[in-house]
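Peer 1: For reference, the structure I am asking about is given below.
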Amino acid sequence: MRNIPFFNYPALYENQAKDLQIAIMDVCTRGAYILQEDLKNFERNLAKFLNVKHVFGVANGTDALWMGLLCAGIGRDDEVILPSHTYIASAAAINFVGAIPILADISSDHMIDPDSVLKLITKKTKAIMPVQVNGRTCDMHKIMEIASAHNLLVVEDAAQGLGSKFMDQFAGTFGLFGTISFYPAKLLGCFGDGGAIVTNNDEFAEKIFQMRDHGRNHQGEVVSWGINSRLDNLQAAILNTKFSNFSEDISRRREIASLYQMYLGHLTKIKLPPSPIEGGINYDVYQNYEIEAEERDSLKVFLEKNGVRTLIQWSGMPLHKFSELRSQISSVPKTELFFDRCLMLPMNTSITNDDVLYICNLIKVFYGE
Ligand SMILES: *Cc1c(COP(=O)(O)O)cnc(C)c1O
């Protein structure tokens, strides 16, 4: 029997141990801890990669969201539409600027459904927050169209979307701002918490620059209210090292998705996520591999008994299941059904082709196919 964890945390270090040791020692011997060269380099590298004007490293993806909303001027009693299929952090960020999270449903590809968004727009709606979940970018052209027709801001939670594209444009770069998370298990993970805000808007960028560092401007003078939410320079150095391998990591994730597709595509009792296509409308990077499965709970137990750890996203708690937001359940019927069926199979750069084959064979045995 194999033992396949859902995510291999020690591998984050082991895969690049030598380079990471050098990077960490280098930062420590220089004593370069806060807002130093490594952070600036990382922000520059990421901005270049994403083809975006500004990137700011911040303490985590959740801070990125609420600071972004605050600097976008979203506040008391404003409504922000987001999918129920997201992490509580997306809604918490909206809550903590005094605004109201309004829950939209998902389409068949598990992304926010533009038709559902349309139905939820009221006089109070201020912004749409698409969530680029599982390493896929939703139909951002439709979202941008709706936003401009109704004079709404678009703020992207791309915590899970770094490197994914819609019509050749990267997740996080469509609206006023996008946010990214460097939580260890995310596509680009650091050794603790980390996040970023990306934007093409100069005025907004200046606000974030001050907000994350006590309201200080480029001369170091305090000129506005701010807080302390900076990405550690040490984490930035680690991210720079990891980033040098990012394209290979994405290719590997897409390769694993192709293998799942090849081995499981014909099964009738499960539905796979969209497969990786070259030159298509979507370019998916597979933060997660989330399937829909009949007899989901029994399948999960069966896989676990055979050494394969799977997860139900958000611990089975999409936003509409929280008591604060429960009254909105009627607007998300597809999400409600989806959460009886969804399951994430292992998807990360430390599983082998043989691991994937082993997992797929178990699933075939389970369904007797
Ligand atoms: C991980 C995640 C966040 C939060 O990011 P942190 O860095 O953990 O604060 C927000 N939204 C989504 C969709 C996420 O997956």
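Peer 1: Among the residues of the range 295-317, which ones are under 30 Å from F170 (Cα atoms) and assigned to a helix (DSSP H, G or I)?
Peer 2: Filtering the range 295-317 down to residues under 30 Å from F170 (Cα atoms) leaves 310-317.
Across the range 295-317, the qualifying residues are Q313, W314, S315, G316.
Peer 1: Can you report the number of residues in the range 244-260 which are charged (D, E, K, R) and surrounded by 20 or more Cβ atoms within 10 Å (Cβ to Cβ)? If you could, list the steps in order and put the result at the bottom.
Peer 2: Let us first name the residues in the range 244-260 that are charged (D, E, K, R), namely 248-249, 252-255.
Filter again for surrounded by 20 or more Cβ atoms within 10 Å (Cβ to Cβ), leaving 253.
Total satisfying the criteria: 1.
Peer 1: Inside the range 158-193, can you point out the residues that are of a type outside the set (F, W, Y) and within 20 Å of S350 (Cβ to Cβ)?
Peer 2: The first filter runs over the range 158-193 and keeps only residues of a type outside the set (F, W, Y), leaving 158-165, 167-169, 171-173, 175-176, 178-181, 184-190, 192-193.
Those that are of a type outside the set (F, W, Y) and within 20 Å of S350 (Cβ to Cβ): Q160, L162, G163, S181, P184, A185, K186, L187, L188, G189, C190, G192.
Peer 1: Those residues that are in a loop (DSSP other than H, G, I, E, B), crowded, with 17+ Cβ neighbours inside 10 Å and either free of Cβ contacts under 8 Å to residues at least 60 places away in the same chain or within 10 Å of the ligand (Cβ to nearest atom) (or both), I need them from the range 190-226; list them, please.
Peer 2: C190, D193, G194, G226
Peer 1: For the range 153-168, what are the residues that are touching a residue at least 40 places away in the same chain (Cβ under 8 Å) and not in a loop (DSSP other than H, G, I, E, B)?
Peer 2: L153, V155, D157, K165, F166
Peer 1: Here is a further query. Do we find that F174 is among the aromatic types (F, W, Y), buried (at least 21 other Cβ atoms within 10 Å of the Cβ) and farther than 30 Å from L234 by Cβ in this structure? Write out each step before concluding.
Peer 2: Details: among the aromatic types (F, W, Y): yes; buried (at least 21 other Cβ atoms within 10 Å of the Cβ): yes; farther than 30 Å from L234 by Cβ: yes.
Taking the combined requirement at face value, the residue satisfies it.
Peer 1: Tell me yes or no: at least one residue of the range 235-243 is within 16 Å of the ligand (Cβ to nearest atom), crowded, with 23+ Cβ neighbours inside 10 Å and more than 25 Å from S90 (Cβ to Cβ).
Peer 2: The answer is yes; a qualifying residue exists.
Peer 1: I need a count of the residues in the range 41-65 that are under 16 Å from N233 (Cβ atoms), of a type outside the set (G, A, S) and either touching a residue at least 12 places away in the same chain (Cβ under 8 Å) or crowded, with 16+ Cβ neighbours inside 10 Å (or both).
Peer 2: Taking the range 41-65 and keeping what is under 16 Å from N233 (Cβ atoms), we get 41-46, 55-60.
Next cut, of a type outside the set (G, A, S) only: 41-46, 55-56, 58, 60.
Right, trim to either touching a residue at least 12 places away in the same chain (Cβ under 8 Å) or crowded, with 16+ Cβ neighbours inside 10 Å (or both) and you get 41-43, 45-46, 55-56, 58, 60.
Total satisfying the criteria: 9.
Peer 1: Being modelled with pLDDT of 95 or more, small (G, A, S) and surrounded by fewer than 22 Cβ atoms within 10 Å (Cβ to Cβ) is the requirement here; does S107 meet it? Explain how you work it out, then say what you get.
Peer 2: Working: modelled with pLDDT of 95 or more: yes; small (G, A, S): yes; surrounded by fewer than 22 Cβ atoms within 10 Å (Cβ to Cβ): yes.
Judged against the criteria, S107 is a match.
Peer 1: Does the range 261-286 hold any residues that are on the phi > 0 side of the Ramachandran plot and either among the polar types (S, T, N, Q) or surrounded by fewer than 18 Cβ atoms within 10 Å (Cβ to Cβ) (or both), and which are they?
Peer 2: First, the residues of the range 261-286 that are on the phi > 0 side of the Ramachandran plot: 279, 286.
Passing the criteria: only G279.
Peer 1: If you don't mind, another one. Mind checking which pairs have a first residue in the range 123-140 that is charged (D, E, K, R) and a second that is in a strand (DSSP E or B), Cβ under 6 Å, 6 or more apart or different chains?
Peer 2: Matching pairs, first to second residue: K124/E79.
Peer 1: Ok, one more. So which residues in the range 270-294 are touching a residue at least 40 places away in the same chain (Cβ under 8 Å) and assigned to a loop (DSSP other than H, G, I, E, B), if there are any at all?
Peer 2: Once the filter is applied, which keeps residues that are touching a residue at least 40 places away in the same chain (Cβ under 8 Å) and assigned to a loop (DSSP other than H, G, I, E, B), the range 270-294 yields P273, P274, I281, D284, V285, Y286, Q287, N288, E294.
Peer 1: Tell me the strands (runs of 3 or more DSSP E) entirely within the range 7-125 that contain at least 2 residues that are more than 25 Å from I227 (Cβ to Cβ) and within 16 Å of the ligand (Cβ to nearest atom). Walk me through it before giving the result.
Peer 2: Details: elements: 54-58, 79-83, 100-104.
Ranges flagged: 79-83, 100-104.
Peer 1: How many of the residues making up the range 169-186 are within 13 Å of the chain's Cα centre (by Cα) and either assigned to a strand (DSSP E or B) or near the ligand (Cβ under 10 Å from one of its atoms) (or both)?
Peer 2: Within the range 169-186, the first condition is being within 13 Å of the chain's Cα centre (by Cα), and the residues that meet it are 170-172, 178-186.
Then drop every residue that is not either assigned to a strand (DSSP E or B) or near the ligand (Cβ under 10 Å from one of its atoms) (or both), which leaves 170, 178-186.
The qualifying residues number 10.
Peer 1: Next question. Residue under question is K126, and the condition is that it be of a type in the set (K, R) and closer than 27 Å to I250 by Cβ; does it hold? Let's see the steps before the verdict.
Peer 2: Numbers: of a type in the set (K, R): yes; closer than 27 Å to I250 by Cβ: no.
The answer is no for K126.
The values are calculated or read from the model by the stated rules, or taken from the named source; none is laboratory data. Since we're looking at a predicted model, the values are computed, not measured. No Cβ is skipped: glycine too gets one built from the backbone with ideal geometry, and neighbour counts run over all protein chains shown.
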